[in-house]
Amino acid sequence: MTRKRMLFISAILLCVGIPALAEIDLSGSWTSKNHEDAMERGAGPNPDDWAGLPFNDAGRAKALSFSQSTISMPERICWFQTQWHVAAGPFSLNIRSETDPLTGKIVAWVLGGWETRAPMTIWMDGRPHPSKNAPHDQTGFTTGSWNGDVLTAYTTHIKTGYMRRNGAASSDEATITTTFIRHGDMMTLTLVMEDPVYLTEPYILTRSYMLTPTPVAVAGPPCVVGYEGVESGRVPHYLPGKNPFVEEMMRLYNIPKEASLGGAETMYPEFRDKIKDKFVIPGKCKINCGAPGALGGN
Amino acid sequence: MVLVGSSLTLYAQAPGRGGRGGPPPAPKAAAPIDVTGYWVSIVTEDWRYRMVTPAPGDYQGVPMTQAAVKVADSWDPAKEEASGDVCKSYGAPAILRVPERLHITWQDDQTLKMETDAGKQTRIFHFGDWKATEGPHTLQGNSVAEWEMQGGGRGRGGPAMGSLKVTTTNLKAGFLRKNGVPYSDNAGLVEYYDLVKERNGDQLLVVTIVVTDPMYLREPFIISSHFKKLPDEKGWNPTACSARW
């Protein structure tokens, strides 16, 4: 082999090798560790628990008008199922790659769907997002890019959905940025929702997963519309000032209403000074307390 | 082939290494990310376990053993105060769940220092071959730090990327939550510190926290806390530990 040829082959091998070394493999089954927000991600949050949610007055008003029966309307049964459900739901992840059959390059990463969430396809081939006037759906449109070993995905074109499963809504202008950070068999997702309609600041959640040899089943198609007892034409809701659950967090946990009604200031440490004198440690927990082996304790 | 081999070796090295037989740079100079500065907790998760004191017996999410439940069920803040040991929920496994500001600085080329305003705690992260001296277990334990370098930029003059991994041992028993959820003095702690840039330009510090404890945890307790970078010390508000707030 001539020296020139050796150099040529070396150069080709390097070109092939460099991108692979700058990325990592995310494929596999990842068990969700629901050690934080266990109740919210499992059974669901208390109906008036919006503490730590940076929504604005419009977001709060919409949340207060929400009745849980709303999602029994045929038109709303699938309302929850945007990609934000990755953060707010309890389920594990099945991640796989889609490769170009000719070049072998990864053109997309796919997060398999759940019974309550459509699959998320993260396009890696540089395609642009659609026009802002393009149709929106629960799945949205997601592109991704690598920064070293960290994958960042950006989701747009999502239909109206929810931020919390108690009526805190996201608008069809919301976007989600999801960062995948892998440390060996552990992965941390950082999800940032921005919504000019209902948020004053980005809403940030982080979630933890462990790689598992046990396959995570991919469900689908998600969400089947059926009759759940709400007759056609009825829109369950609460009028302003009529939500019967606004004292729930106070009743159960002594958490003042100004905290449970959320807003950006409730995310920051100094907010504690505002409620310190109003708070007393509640009595012994009697409901949804967690225990060894309980849902959310795993 | 020699060329290929050489290049791959370069990729496997940390950026900025001395090369050509020179000594590797000190951890401060080799840092792939800058975690120094002031940071504030953004409490969007586990709010009622962090921003206020949870009810006795409220243990949602923690994979506790029966022994842990028994200990936690006997939690009494008045007794904690009477004992004078009111910092049990400010130990290393729990301190990054406390609503607070962090101040992270380089103490020297081999050592990072993390201070908290809440509880006025100080953690020291030792890089290199630092070895803990034998001694009593402490609230913040002994922490060994290392950089985990990532693929991008290796050997190609690109920006360095990576994470900070901190392993903490020699911990004194304490509380994972203010309401007495215990960890024992056999607990171990591993943390990964990562930076995430928001689209609005804000810098986030995301810390993945793994607590193990053969006595009080059925499996590793895995959570993650996030902080936003601040331009300065504004809002820094040192407060003493409290057993009930």
**Asked** Considering only A:PRO215, A:PHE180, A:GLY226, whose Cα is most displaced toward the positive end of the charge dipole of segment A:173-255, charges sitting on Cβ of Lys, Arg (+1) and Asp, Glu (-1)?
**Response** A:PRO215
**Request:** Would you compute, for the Cα atoms of chain B, the largest minus smallest coordinate along each principal axis and list the three values in descending order, in whole Å?
**Result:** 67, 38, 30
**Asked** Shape call for chain A from the C-alpha gyration tensor, a ≥ b ≥ c root eigenvalues: rounded (a/c under 1.5), prolate (a/b greater than b/c) or oblate?
**Response** prolate
**Message:** Which one, A:VAL216, A:VAL110, A:VAL224, has the greatest fluctuation when you compute a Gaussian network model over chain A with C-alpha springs under 10 angstrom?
**Reply:** A:VAL224
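Please work out how much length the chain gains when fully extended from B:ASP108 to B:LYS234, using 0.36 nm per residue of separation minus the C-alpha to C-alpha distance, in nm with one decimal.
My answer for the length gained is 42.9 nm.
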**Fill in**
Helix A:3-21 sits off the longest principal axis of the Cα atoms of chain A, rounded to the nearest 10 on a 0 to 90 degree scale, by 10
**Request:** Could you pull out every one of the aspartates and glutamates with an alpha carbon less than 17 Å from that of B:LYS172, ignoring same-chain neighbours closer than 8 positions?
**Result:** B:GLU80, B:ASP85, B:GLU134, B:ASP185, B:ASP213
**Request:** Find the eigenvalues of the gyration tensor of the Cα atoms of segment A:70-196, then list the square roots of 5 times those eigenvalues as equivalent ellipsoid semi-axes, largest first, in whole angstrom.
**Result:** 25, 17, 14
**Request:** Using a cut-off of under 13 Å, list every residue of segment A:82-122 whose amide N is near the label point 7 Å from the Cα of A:THR212 along the Cα-to-beta-carbon line.
**Result:** A:90-95
**Item:** Amide H contacts under 5 Å for B:GLN107, placed H, 5+ residues apart
**Value:** B:LEU112, B:LYS113
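So for B:ASP185, B:ASP58, fewest C-beta neighbours within 10 Å to most, what's the order?
Listed from fewest to most nearby Cβ atoms, that is B:ASP185, B:ASP58.
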**Prompt:** What is the gain in length, in nm to one decimal, between A:SER27 and A:GLU258 on full extension, counting 0.36 nm per residue of separation less the C-alpha to C-alpha distance?
**Reply:** 78.8 nm
**Item:** Compactness of segment B:10-148 as Cα Rg over 2.2 N^0.38 Å, two decimals
**Value:** 1.35
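Of all GluC sites (Glu not before Pro) in segment B:98-151, which ones are in loop regions per DSSP and have a Cβ with at most 10 other Cβ atoms within 10 Å? Walk me through the numbers before you get to the answer.
Working: sites: B:GLU100, B:GLU115, B:GLU134, B:GLU146, B:GLU148; in loops: B:GLU100, B:GLU134.
Qualifying residues, ordered by number: B:GLU134.
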**Request:** Apply the Debye scattering formula to segment B:65-134, with a single equal point scatterer on each alpha-carbon and no solvent, then give log10 I(q)/I(0) at q = 0.12, 0.13, 0.14, 0.15 Å⁻¹.
**Result:** -0.49, -0.56, -0.64, -0.70
**Request:** Assign one of three labels to the protein assembly as shown, namely rounded, prolate or oblate, based on the Cα gyration tensor with a ≥ b ≥ c the square roots of its eigenvalues; rounded applies when a/c is under 1.5, prolate when it is not and a/b is larger than b/c, and oblate otherwise.
**Result:** oblate
**Request:** Starting from the Cα of A:LEU102, step 7 Å along the direction of its Cβ; do the same at B:LYS120; then give the gap between the two resulting points in nm.
**Result:** 6.9
**Asked** Looking at the square roots a ≥ b ≥ c of the eigenvalues of the Cα gyration tensor of segment A:156-298, which shape do they give, rounded for a/c under 1.5, prolate if a/b is larger than b/c, or oblate?
**Response** rounded
**Fill in**
Taking Cα atoms only, helix B:2-12 is inclined relative to the longest principal axis of chain B by an angle, in degrees rounded to 10, of 30
**Asked** Going through segment A:68-119, which chymotrypsin sites (Phe, Trp or Tyr not before Pro) have at most 13 other Cβ atoms within 10 Å and a DSSP loop state?
**Response** none
**Prompt:** With labels modelled as points extended 7 Å from the Cα through the Cβ direction, what inter-label distance (nm, one decimal) is found for A:GLU231 paired with A:ASP172?
**Reply:** 3.0
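Taking a 30 Å limit on the Cα-Cα distance, which of the listed pairs B:LYS28/B:LYS197; B:LYS88/B:LYS165; A:LYS284/B:LYS228; A:LYS62/B:LYS234; B:LYS120/B:LYS229; A:LYS242/B:LYS70 fall beyond it?
In this structure, A:LYS284/B:LYS228; A:LYS62/B:LYS234; A:LYS242/B:LYS70 lie more than 30 Å apart at Cα.
The numbers here are math on the coordinates, done by the rules we state, and not lab data. The shown structure was predicted, so the numbers you read here are calculated from the model rather than taken from an experiment. As a convention, Cβ positions derive from the backbone with ideal geometry for all residues, glycine included, and neighbour counts pool all protein chains shown.
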